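Peer 1: My questions all concern the structure below.
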Amino acid sequence: MSKAILGRKVGMTRIYDEQGNNVPVTVVQAGPCFVSQVKTAETDGYDAVQLAFEDLKARHSTYPLIGHDAKAGIAPKRFRREVRLEDGGAAAYEAGQEINVESFADVKFCDVIGTSKGKGFQGPMKRHGFAGQEASHGVERKHRSPGSIGGRSSNLGTGKPKKGIRMGGHMGAEQVTVRSLKVIGIDKDKNLLLIQGPVPGPKQGLLYVREATRLYKGKAKIAKAG
Amino acid sequence: MSDAIIADVQKSHLRTDLPVIHVGDTVDVHVKIIEGEKSRIQVFQGVVLKKQNGGLEETFTVRRIVANEGVERTFPMHSPRIDKVDIIRRGDARRAKLYYLRDRVGKKRRLRDRRRGLETVAKQEAAQQAAAK
């Protein structure tokens with residue numbers, strides 16, 4: 001199974017490596033997670049485990065969810081995410097099993113999935129990288145506008161712009177995956193995972209960290225060398 | 001809460017072997033310079049103009065005069081690239097940022113010797129040594 005864990009982003013800092021280089025690091029409060037459900041090919045048609053993370057007071061949960069967690073023999077949790085396994089992979093797991101950062105002890109690179117910071121309603125320049133209009137030469141009040149969104153022929157018969165034309169709109173607050181980030185270290189006692197570079201989302205945001213699924217040649221070599 | 005966790009992560013990387021550096025001090029900064037395989041040590045002497053940030057990210061800026069031209073260099077306080085820091089003189093600074101030294105020429109550039117708060121400096125040094133142990 002690809003190793004996976006749920007966590008919360010704590011924030012960023014720096015660390016100096018042996019050569020004295022300055023390494024930017026994101027600190028993630030990862031786990032401990034508990035297996036709240038095991039899915040097998042017989043019962044669900046595929047193999048997977050559901051990880052549950054972070055305790056919460058029972059009165060903040062709902063009866064169906066409390067029951068779901070109780071079935072696995074764990075206290076009510078706030079977050080649940082499913083980790084897909086290879087066929088037959090679920091046999092190694094049982095409900096209520098703890099999964100903590102120690103499983104990442106020998107992981108060299110990881111993928112981080114999170115929800116990016118919400119940016120609100122943004123114009124096409126920020127949202128899509130449009131160039132905008134000129135600052136002068138007769139341009140008035142349209143310096144950041146997108147320009148043409150199609151003429152009569154492209155819109156013929158519909159009276160509307162084509163589907164998928166890039167315009168201003170809501171930006172951010174969407175799922176973002178950052179791949180192949182280096183794992184700098186773990187702290188078993190405090191359940192911390194140190195990852196090189198930035199990860200999506202605000203501090204305290206929920207993150208799904210898994211072992212990197214695909215690596216570039218150079219990184220794959222480093223990961224293999226162990 | 002998150003600040004406490006980050007401070008904890010930084011703790012093991014903080015250096016306690018350097019002396020207490022104050023703004024206004026004249027210091028010798030011994031910097032490790034790595035050129036390929038070899039490394040050598042270069043000394044940068046000057047007045048501490050300012051200290052910035054905190055924790056592991058703390059830096060200090062040293063100003064010196066080279067060939068009649070002011071040169072300022074900023075060092076990360078906790079970087080392993082800093083071999084050691086020697087305090088040559090404790091200067092009397094009445095503010096946190098000595099930007100006014102940039103406009104001074106000649107003898108006016110010099111700061112008076114520090115007389116105020118020397119007990120505090122001694123206390124800080126004692127605390128630093130205790131932390132180093």
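The values are calculated or read from the model by the stated rules, or taken from the named source; none is laboratory data. If you're wondering where the values come from, they're calculated on a predicted model, not measured in any experiment. Methodologically, a virtual Cβ is constructed for each residue, glycine included, from the backbone with ideal geometry; neighbour enumeration extends over all protein chains shown. The accessibility values were calculated without ligands, DNA or RNA, using every heavy atom of the protein model including side chains. Shrake-Rupley method; radii C 1.70, N 1.55, O 1.52, S 1.80 Å.
Peer 1: Quick one: in segment A:1-12, which of the residues that are open to solvent by less than 20 Å² (accessible area, probe 1.4 Å) and facing chain B (nearest Cβ under 9 Å) is farthest from A:Lys77 (Cα to Cα)?
Peer 2: Checking each candidate, the answer is A:Gly11.
Per-residue answers, yes or no, for (1) in contact (Cβ under 8 Å) with a residue 60 or more places away in the chain; (2) over 36 Å from the mean Cα position of the chain (by Cα); (3) surrounded by 13 or more Cβ atoms within 10 Å (Cβ to Cβ):
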residue	(1), (2), (3)
A:Phe130	no, no, yes
A:His137	no, yes, no
A:His143	no, no, no
A:Pro146	no, no, yes
A:Ile149	no, no, yes
A:Arg152	no, yes, no
A:Asn155	no, yes, yes
A:Lys163	no, no, no
A:Gly168	no, no, yes
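Peer 1: Which of the residues spanning segment A:171-186 are open to solvent by 30 Å² or more (accessible area, probe 1.4 Å) and either part of a strand (DSSP E or B) or within 14 Å of another protein chain (Cβ to nearest Cβ) (or both)?
Peer 2: A:Met171, A:Gln175, A:Val176, A:Thr177, A:Val178, A:Arg179, A:Lys182, A:Ile184, A:Ile186
Peer 1: Between a first residue in segment A:13-32 that is at the interface with chain B (Cβ under 9 Å from one of its Cβ atoms) and β-branched (Val, Ile, Thr) and a second residue that is in a strand (DSSP E or B) and open to solvent by 40 Å² or more (accessible area, probe 1.4 Å), which pairs have beta carbons less than 6 Å apart while being 6 or more apart in sequence or on different chains?
Peer 2: Short answer, once both residue conditions are applied: A:Val25/A:Ile184.
Peer 1: Residue by residue through segment A:187-226, note down the ones that are among the small types (Gly, Ala, Ser), within 14 Å of another protein chain (Cβ to nearest Cβ) and either at negative phi or open to solvent by 60 Å² or more (accessible area, probe 1.4 Å) (or both).
Peer 2: A:Gly205
Peer 1: So in segment B:45-57, with the set limited to residues that are surrounded by fewer than 16 Cβ atoms within 10 Å (Cβ to Cβ) and at pLDDT 85 or above, which one is nearest to the other protein chains (Cβ to nearest Cβ)?
Peer 2: B:Glu57
Peer 1: Something else now. Return only the number of the condition from (1) charged (D, E, K, R); (2) surrounded by 12 or more Cβ atoms within 10 Å (Cβ to Cβ); (3) over 23 Å from the mean Cα position of the chain (by Cα) that A:Lys77 does not satisfy.
Peer 2: (3)
Peer 1: Follow-up question, since we're still on this one. List pairs: first residue in segment A:75-92 and on the phi < 0 side of the Ramachandran plot, second residue assigned to a strand (DSSP E or B) and open to solvent by 70 Å² or more (accessible area, probe 1.4 Å) anywhere in the structure, Cβ distance under 6 angstrom, at least six positions apart or on different chains.
Peer 2: Pairs that qualify, where the first residue is on the phi < 0 side of the Ramachandran plot and the partner is assigned to a strand (DSSP E or B) and open to solvent by 70 Å² or more (accessible area, probe 1.4 Å), are A:Ala75/A:Asp55.
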